[in-house]
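Working notes, structure below.
No value in this document is a laboratory result; all are computed from the given coordinates. All of these numbers come straight from a predicted model, not from anything done at the bench. Cβ placement follows ideal geometry from the backbone for every residue including glycine, while neighbour counts extend to all protein chains displayed.
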Amino acid sequence: MKTRRIVAAILSVLMMGACFTGCGSTEDTPAGTDGTASTDGTSATNEGGGDADDGKLKVGFAQIGQESGWRDAETASIQFHAGQNVDTIDFKFADAQQKQENQIKAIKSFIDMGVDVIGLAPVVETGWDAVFTEAKDAGIPIILVDRMADVPEDLYATFIGSDFIEEGKNAADEMARLLNNSGKIVELEGTVGASSANDRKKGFDDQIAAEYPDIEILASQTGDFTRAKGKEVMESFLKTYGSEIKGVYAHNDDMMLGAIEAIKEAGLKPGEDIKTVSCDGVKAIFEAMVAGEANVTIECNPLLGPIFFETAQKLKDGETVEKWVKPEESIFRQETAAEDIKDRVY
Ligand code: GYE
C-alpha cells in the first residue's frame with residue numbers, strides 16, 4: 001500500500017493537464033510534493049496554513065480512504081495541486097478510512113472552520129441530506145468529486161466525475177466481444193451503496209440483458225473495490241463454478257488484480273481461459289495486459305485536482321458552474337497495451 005502511494009505521488013508530478021468536457025484547461029508547473037494522505041480519519045488537518053482573512057481560497061476535502069490505486073492517484077492529484085498553490089489555496093484534507101460517519105464529521109469541522117468550499121467523494125450515495133443542509137445553511141457550496149450523492153440538486157453545486165452507467169455499458173460490450181457473444185461470467189462489485197458500484201452494475205447488467213441473451217451472469221458479489229477482497233470473492237466463485245466461468249467483470253482494476261491471482265492459483269489462465277474487463281485504467285492493469293493476463297480496462301480519470309480547485313475558485317467568486325463536469329476517458333485493450341502503457345501516469 002505504501003509503495004503504491006509513493007508511486008502515485010511521484011506520478012502526480014506528471015499528471016496535470018487532464019481535459020474535461022465543459023471546462024477550460026488549467027495547469028501547474030510540476031515540482032516535488034509529498035502527496036500522502038495525512039489525517040486520523042475523524043478530523044481535518046490544515047495543509048495550506050493561513051488564517052481566516054488572508055484572501056486565500058479555503059477548501060476542505062473529505063476523501064474516502066485509500067482502498068485502491070485509483071484513489072491514491074486522485075488524492076495525489078488534489079494534494080499536488082494544493083501543494084503547488086500554497087500562496088493562493090488554504091487546503092484541509094481528511095481521510096475518512098472508508099467510513100461515512102468520518103466524512104460527515106470532517107464536513108462538520110470544515111463548516112466550523114468557515115471554509116469557502118467543501119469537496120467530498122461520498123463513500124456511499126445516500127445519507128447526506130442533513131449535513132449538506134448544514135453546509136447550505138452556512139453558505140458553503142459542496143463539490144461532489146468522483147462519486148455522486150443521492151440528494152436534491154439544490155444541496156450540491158456540481159458533480160465532477162464519470163458516467164458510470166456508460167462505463168458499465170462499455171464493459172458489457174467489451175465482454176461480449178471477448179466471448180463472441182456467449183458464455184458464463186461472474187461480476188465483482190465495488191463498495192456496497194457507492195454510486196460508482198451501483199451504476200457500473202446497472203450499466204453492465206442492463207446491457208447484457210438487453211443485447212446479449214447468451215451471456216449469463218452466474219454470480220455477482222461485492223469485493224469492496226480492494227485487491228484483497230477481489231481475490232477472496234473470486235476464490236469462492238472459482239470453488240463454486242470452476243472452469244464454467246469464461247469471463248469476469250470487476251468494477252475496478254484493483255479487484256481484478258486480486259481476481260487474476262485467484263485464477264492463476266486455481267490453475268487457470270487469466271486473459272485466456274477467463275477473459276477480464278475492469279474499470280479504472282491504473283498502470284498495474286496495463287502491466288497485466290502486457291503480460292497477457294488481462295484483456296480490457298475501461299478508463300476512469302482520477303486526475304481531478306486541477307478541475308476541482310478551478311471549480312472551487314469559480315464558486316467562491318460567485319460564478320456559475322455546470323452541474324456535471326465529465327472527464328474525457330477511453331477504453332484500452334490488451335492488443336495495444338504495450339504501447340499505451342508508455343503514456344500512463346497513474
Ligand atoms: O473506480 C475505484 C475507487 O469512485 C470512481 O472508487 C471511483 C472508484 C474507482 O476506489 O477504484
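Brief remarks on what is shown
- In nm, spacing of pseudo-spin labels at E328 and A130 (7 Å Cα→C-beta vector): 4.4
- Peptides 245-252, 303-310, ordered by how many other C-beta atoms sit within 10 Å of their residues on average, highest first, read 245-252, 303-310.
- Value of relative contact order over the range 49-195, rounded to a whole percent, pairs C-alpha under 8 Å and six or more apart: 21
- Counting neighbouring beta carbons within 10 Å and listing from fewest to most, the residues T88, T75 come out as T88, T75.
- Charge tally in the Cβ shell below 14 Å around Y212, where Lys, Arg are +1 and Asp, Glu are -1, Y212 excluded: -3
- Put a dot 7 Å past the Cα of V192, heading toward its Cβ, do the same for D154, and the two dots end up 3.4 nm apart.
- Computed from label points 7 Å out along Cα-Cβ, the spacing between L218 and K239 is 1.5 nm.
- Here the range 164-300 is assigned +1 on the Cβ of each Lys and Arg and -1 on the Cβ of each Asp and Glu. Its dipole about the Cα centre then comes out at about 220 debye.
- ³J(HN,Hα) computed for each position of the range 272-283 - Karplus, 6.51 cos²θ - 1.76 cosθ + 1.60, integer Hz, glycine/proline x: 10, 5, 10, 6, 10, 9, 9, 10, 2, x, 6, 4
- Shown for the range 70-169: lysine pairs separated by 8 or more places, or found on different chains, whose C-alpha atoms are under 28 Å apart, numbering 7.
- Relative packing of peptides 130-138, 164-172 - highest average C-beta neighbours within 10 Å first: 164-172, 130-138
- Largest first, the extents of the alpha carbon coordinates of the range 164-300 on the three principal axes equal 33, 28, 27 Å.
- Potential extension, A228-K342 segment - 0.36 nm per residue separation minus Cα distance: 38.3 nm
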